[in-house]
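Quick one: structure below, then a few questions.
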Amino acid sequence: MVRRVPLTSERVKKLINVTLMECDCVAQHTIVAGGEQACDPHNEGSGPLPAHRSIIFDVFPRSATNRYFADMSRTVVCGTPESRAEAALSDGPGCTGRGHHESQRRGGREEDSSRHLHQV
């Protein structure tokens, strides 16, 4: 029998950090924040990652050999984006992101486990 385990920010951050270490890089303060947590640019994320809502990845690796720093950011949605988020993300050039921020804030917290991503 396969047990569905919620995919959490902590598990994804661990995978990112271990992979970077295998490449002789170090990362600190890696951000994997979903849903309402994604609205706060300083929230590193915790708990189950939500399905159908924005998940922010912000990784700051540093090379252990030459000390080079990088800053990699991505926003993803696993599943179908909620219409509010889709509309906010398609504001076009020059948008401030305020629409997306507000749509995520209004989305509230969803505790139903069917709304979280799962790793099998």
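Rule-based calculations on the coordinates, nothing more; no lab input. None of these values were measured; they are calculated from a predicted model. Glycine also receives a Cβ, built like all others from the backbone with ideal geometry; neighbour counts cover every protein chain displayed.
At a Förster distance of 25 Å, what's the computed FRET efficiency of Arg74 paired with Met21, Cβ-Cβ distance as r, to 0.05?
On the way: r = 20 Å, r/R0 = 0.81.
Taking R0 as 25 Å, the efficiency between Arg74 and Met21 is 0.80.
Continuing with the same structure: Quick one: dipole size for the stretch 1-59, taken about the Cα centre, charges +1 on Lys/Arg Cβ and -1 on Asp/Glu Cβ, in debye to the nearest 20. If you can, show how the numbers build up before the last one.
Values: 6 positive and 7 negative charges, 81 e Å.
Charge dipole of the stretch 1-59: 380 debye, to the nearest 20.
Taking amide H positions as placed in the peptide plane 1.01 Å from N, state which residues far from Gly47 in sequence (5 or more) or on other chains have amide H under 5 Å from it.
Ser9, Glu10
Starting from the Cα of Asn66, step 7 Å along the direction of its Cβ; do the same at Arg11; then give the gap between the two resulting points in nm.
For the pair Asn66/Arg11, the computed spacing is 3.6 nm.
Only Cα pairs under 8 Å and at least 6 apart count here; give the relative contact order of the stretch 5-80 as a rounded whole percent. Let's see the in-between values first.
Numbers: 142 pairs, mean separation 22.7, N = 76.
Dividing the mean separation by the residue count of the stretch 5-80 yields 30 percent.
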